[in-house]
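Novice: Below are the structure tokens for one structure; questions will follow.
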Amino acid sequence: MKNSDKSFARYLLVQSLYQMITSKSKIAEVVIQLENNNFETIPLDFNDSNILKNKIDLKYFKNIVLIFSKNEKLIFELIKTNLSKNWNYERLPNVLKAILISSVSEILANPEISIGIVTSEYIKLTESFFLGKESSFVNAFISKVYSLGIGHTDVKWKRNYFKVLKTTCN
């Protein structure tokens, strides 16, 4: 799989999480709707640009969804405790919530992923939806989450860190 296939998986994940938030559905219901749709393309923008389904790393997408499903409480706790004092989760735009949930879920799903990849991918996604300071906000948020130890270079250390973190939030 190419890196762009994972980028498209992230885009689909943000769309799915946005749908979950706005429709108050479970993420599993949203994924089932996607699968039952038998879609061939996914709209990318208002210029009739589409992503072909076979260009999306669906395995990567489903892995992150699974991690979100299993760790929803932990993910929301990580988001809420790492927002700066000027930001309130409930007042964030739903798209921004979806981007934060997606980024934290991906970090949990792939603790060995570099901060540079996660940051640049989610800044690009944020810039595709917002024109203001939101991309700086996402950058700072991801850096803060990584500073908790997620950015540790030892993969075994990261996995142990998350095991401890998961048990404390459950």
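Novice: Which of (1) closer than 27 Å to Ser136 by Cα; (2) at pLDDT below 90 is the odd one out, the single condition Val30 does not satisfy?
Specialist: (1)
Novice: Residues of region 8-32 being open to solvent by 10 Å² or more (accessible area, probe 1.4 Å) and in contact with a strand residue (DSSP E or B) (Cβ under 9 Å, 6 or more places away or on another chain), which ones?
Specialist: Residues satisfying the conditions are Phe8, Tyr11, Gln15.
Novice: Just give me the residues in region 90-108 being within 10 Å of the chain's Cα centre (by Cα) and open to solvent by 20 Å² or more (accessible area, probe 1.4 Å), in sequence order.
Specialist: Lys97
Novice: Cβ-Cβ distance below 6 Å, separation of 6 or more or different chains: which pairs start in region 118-136 with a residue that is within 10 Å of Leu96 (Cα to Cα) and end on one that is open to solvent by 50 Å² or more (accessible area, probe 1.4 Å) and in a helix (DSSP H, G or I)?
Specialist: Listed pairs, sorted by first residue: Ser135/Glu127.
Novice: Sticking with this structure for a sec: Consider only pairs whose beta carbons are under 6 Å apart and that are at least six residues apart or on different chains; among these, list those whose first residue lies in region 6-35 and is in contact (Cβ under 8 Å) with a residue 12 or more places away in the chain and more than 15 Å from Ile67 (Cβ to Cβ) and whose second residue is open to solvent by 10 Å² or more (accessible area, probe 1.4 Å) and basic (Lys, Arg).
Specialist: From residues that are in contact (Cβ under 8 Å) with a residue 12 or more places away in the chain and more than 15 Å from Ile67 (Cβ to Cβ), the pairs are Phe8/Lys55; Ile21/Lys97.
The values are calculated or read from the model by the stated rules, or taken from the named source; none is laboratory data. None of these values were measured; they are calculated from a predicted model. Cβ sites come from the backbone with ideal geometry, for glycine too, and all protein chains shown count toward neighbours. Just the protein is used for accessible areas: all its heavy atoms, side chains included, with ligands, DNA and RNA removed. Shrake-Rupley method; radii C 1.70, N 1.55, O 1.52, S 1.80 Å.
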